[in-house]
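Down below is the structure, laid out as structure tokens.
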Amino acid sequence: MTRADVDINIRLLPSKALEVSYQVPLTCNAVTFKKNGSDVAKMRSTWLALDDCGKADGQQLSRQQAACTHWRFQVPASTDGIWGYPAAFPVGDAMYVHTSNFAVDDSCGKSSYSFSAPGIAMHAQVLAEHAQPAVEKAANMSVLLMPKVFRADGDFIGYFDPALGEANISNIRRVAGDSIAFLRRAMPKATFEMPVIAAARVSGPGGPRPDGDASDVLRLGLFNWPAQPDAGTQRMMTLFVSHEFSHRFQMRDAVDAYANARLMHEGGAEFMRWLMALQKGWLTKEQAAEDLDMALSECLLGVRNASWGKLSARQIRNGRLEYHCGLAAYVYGLAARKGKASPFERLDGFYEQLRLAKTQSPPDFAYALECGQEQACQAIWLPRLLGKDESMQAVWADLFAQTGFANAIAASLQQKNAMINMLMQGVMTEDCGSSSTYPQTDKLGIGEVKGCKLLRDGMNIIKAENLPLYNHPDTLAAAVAACKLRSQVRLSMESGLEMDLPCKQVYQPVGQFYAVDMTKLLAGLNR
């Protein structure tokens with residue numbers, strides 16, 4: 001029996017939405033999406049069927065009418081965060097699309113893809129009206145669909161949302177250009193492909209924050225961004241843009257074969273933007289130290305007594321540990337490297353080995369960074385930090401004891417507040433089966449979770465064990481002691497209500513944090 005093909009067309013609508021159509025043979029009644037799960041099920045629940053022909057859910061497309069071969073859906077633009085690339089992210093008047101959200105398997109035949117819009121930017125070029133991508137990339141690629149053809153603007157192809165304001169657009173251009181020039185010099189062997197830029201101001205809850213990714217269309221979503229940012233907000237943008245452009249000097253697809261692919265990719269981009277920012281003066285030494293200390297703090301809080309190698313993908317993802325632990329592992333691992341090659345030379349060498357290893361075993365990541373081309377060298381710290389046999393916390397303590405790169409310090413109030421949040425999430429999980437909390441300046445809001453015995457949506461906790469919940473040096477110790485001694489903790493609500501919540505699972509605080517010694521660290525990095 002000859003296998004029939006599935007034709008997938010993604011079209012930009014004037015209403016700032018997409019129309020996605022699937023031409024499916026009559027011999028096929030259902031086809032499975034390649035990307036599935038709860039996140040994409042929630043996203044696809046917003047799709048509007050444009051006729052009675054097909055239905056889409058988190059797992060598959062299915063036929064609803066026997067004679068239909070053309071299944072059409074309207075997909076709204078959305079800035080809601082989902083795991084992986086977004087499906088239809090608004091970029092001013094344009095739309096960022098990632099085909100992984102629409103791709104189906106081969107059970108009904110091979111798929112072909114096409115795009116329809118007045119302007120179509122992909123693969124570093126701009127086309128008009130209709131385009132078909134290369135077959136090998138079509139099911140996992142990004143494209144920018146535009147209401148008109150925007151040609152290359154200076155050095156960049158793409159779209160800069162006018163709502164960002166001239167100051168922000170100018171800053172993006174400057175940082176992008178400077179990052180590319182710097183990394184081309186620092187990593188001359190790297191294969192860099194200029195992306196299409198899709199930069200937009202978008203609205204959402206909270207204050208200014210970035211959200212993006214760095215496939216062939218490099219998406220820079222800047223939530224609630226002020227037209228005239230202050231120094232701190234501008235620095236946030238600089239680090240964000242330089243992080244995303246750092247990805248373009250990596251090899252994501254090739255690295256995906258490694259067990260620690262997420263840490264290698266995201267932690268690597270964090271390291272590249274951190275050291276680049278320090279060397280270019282985008283960060284002062286004090287700011288770089290604060291950035292690194294914060295990353296290690298978040299890493300310690302997220303991993304606690306576990307070994308990195310035994311953490312689940314969900315634990316890593318939920319704590320953004322691939323970023324926090326990744327930055328710290330790269331910085332300190334490369335500072336402790338053997339030999340004279342610079343950190344960027346080590347990264348460049350690793351990716352060169354990866355390109356050359358097409359038919360051979362991929363290079364050892366830890367050895368490439370710690371040893372490079374050094375003879376009779378053994379990688380020590382990265383295998384231990386990222387392994388399964390030792391707690392990450394213990395390895396950090398040993399690394400700093402032997403190198404002096406950082407000094408042990410007691411937990412700050414900020415770190416104690418973070419641990420109180422973790423303790424309270426555990427308490428809520430015991431009461432409700434899961435947790436939903438909203439930390440505020442002086443209270444912890446309780447979100448809606450079904451099945452709670454005592455806690456209720458809308459409650460605000462202001463005290464634990466009769467002490468202020470936040471910013472008090474003794475609250476964490478008092479709450480932990482109460483859980484140990486009584487298996488419950490006394491909580492006081494903003495309303496005046498008091499209750500004793502069970503806490504049979506006693507939270508174990510992180511006992512030791514670290515402050516970097518930048519003089520010693522830079523001596524190691526600059527060797």
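The values are calculated or read from the model by the stated rules, or taken from the named source; none is laboratory data. Predicted model, so just to flag it, every value in this text is computed and none were measured. With ideal geometry, Cβ positions are generated from the backbone for all residues, glycine too; neighbour counts draw on all protein chains shown. What goes into the accessible areas is simple: the full protein's heavy atoms, side chains included, and nothing from ligands, DNA or RNA. Shrake-Rupley method; radii C 1.70, N 1.55, O 1.52, S 1.80 Å.
Quick notes
- Rg/Rh for the range 1-154 (Cα atoms only, Rh after Kirkwood) is 0.96.
- Nearest-0.05 FRET efficiency for SER436 and LYS504, computed from C-beta distance (R0 25 Å): 0.80
- Portion, in percent, of the accessible area of the chain that falls on carbon or sulfur, probe 1.4 Å: 49
- Put a dot 7 Å past the Cα of ASP51, heading toward its Cβ, do the same for GLU129, and the two dots end up 2.4 nm apart.
- CD proxy at 222 nm, helix term only [per DSSP H run n ≥ 4: -39500 (n - 2.57); per residue of the chain; nearest 500]: -10500 deg cm²/dmol
- Computed E for ARG252/GLU286 - FRET, C-beta separation, R0 45 angstrom, nearest 0.05: 0.90
- Cut-off 13 Å between beta-carbons: net charge of the residues surrounding ALA408, Lys and Arg +1, Asp and Glu -1: -3
- Cleavage-rule hits, trypsin sites (Lys or Arg not before Pro), the range 423-509, DSSP coil, Cβ neighbours within 10 Å at most 14: LYS450, LYS453, ARG456, LYS504
- Alpha carbon convex hull of the chain, projected area averaged over orientations, nm²: 27.7
- Counted charge near ALA379, where neighbours are those whose Cβ lies closer than 13 Å (Asp, Glu -1; Lys, Arg +1): +1
- Spin-label pair ARG317/TRP83, simplified geometry with 7 Å Cα→Cβ offset, distance in nm: 0.2
- Length-normalised contact order of the chain in % [C-alpha pairs under 8 Å, at least 6 apart]: 9
- Just so you know, the averaged projected area of the alpha carbon convex hull for the range 303-409 sits at 7.8 nm².
- Model label zone, ALA401; criterion: amide N under 19 Å from point 7 Å along Cα-to-beta-carbon; scope the range 302-316: 304-308
- The range 195-346: equivalent-ellipsoid semi-axes (sqrt of 5 x gyration tensor eigenvalues, Cα, Å): 25, 19, 17
- Length released on extending from GLN23 to LYS358, taking residue separation times 0.36 nm less the Cα-Cα span: 117.0 nm
- Label sites at ASN140 and ASP5, each approximated as a point 7 angstrom past Cα along Cα to Cβ, lie 2.2 nm apart.
- In this structure the amide hydrogen of GLY119, modeled in the peptide plane, comes within under 5 Å of the amide hydrogens of GLU129, MET146, LYS148, none closer than 5 places in sequence on its chain.
- Calculated FRET efficiency for the pair THR429/ALA66, C-beta based, R₀ 41 Å, to 0.05: 0.30
- When the P(r) is computed for the range 89-190, the part past 22 Å accounts for 44% of the Cα-Cα pairs.
- Relative to the current alpha-carbon distance between ARG151 and ASP230, full extension at 0.36 nm per residue lengthens the span by 25.3 nm.
- The range 385-433 and the range 36-90 have Cα centres separated by 40 Å.
- Principal semi-axes in Å for the range 300-342 [√(5λ), Cα gyration tensor, largest first]: 25, 10, 8
- With protein chains left intact and a 1.4 Å probe, residues in the chain average 45 Å² of accessible area per residue.
- Multiplying the residue separation of LEU485 and GLU166 by 0.36 nm and removing their Cα-Cα distance gives an extension gain of 108.9 nm.
- 14 Å Cα-Cα reach of LYS453 towards aspartates and glutamates, excluding residues that sit fewer than 8 places from it in its own chain: GLU430, ASP431, ASP500
- Lysines whose Cα lies under 23 Å from that of LYS450, excluding same-chain neighbours fewer than 8 positions away: LYS42, LYS504
- Expected-Rg normalisation [2.2 N^0.38 Å, Cα atoms] applied to the range 448-527: 1.62
- Extent along the principal axes, Cα only, for the range 50-121: 40, 29, 24 Å, with the longest axis given first.
- With N as its number of residues, the range 389-527 has a Cα radius of gyration that, divided by 2.2 N^0.38 Å, comes to 1.27.
- 3J(HN,Hα) along the range 216-223: 4, 9, 8, 8, 10, x, 10, 6 Hz, from the Karplus curve 6.51 cos²θ - 1.76 cosθ + 1.60 with θ = phi - 60°, whole Hz, x for Gly and Pro.
- Cα-based radius of gyration for the range 171-220, normalised by 2.2 N^0.38 Å, reads 1.37.
- Under 17 Å of direct C-alpha separation, and excluding same-chain neighbours fewer than eight residues apart, LYS310 reaches these aspartates and glutamates: GLU322, ASP389, GLU390.
- Net charge over other residues, Cβ less than 10 angstrom from the Cβ of GLY81 (K, R count +1; D, E count -1): -3
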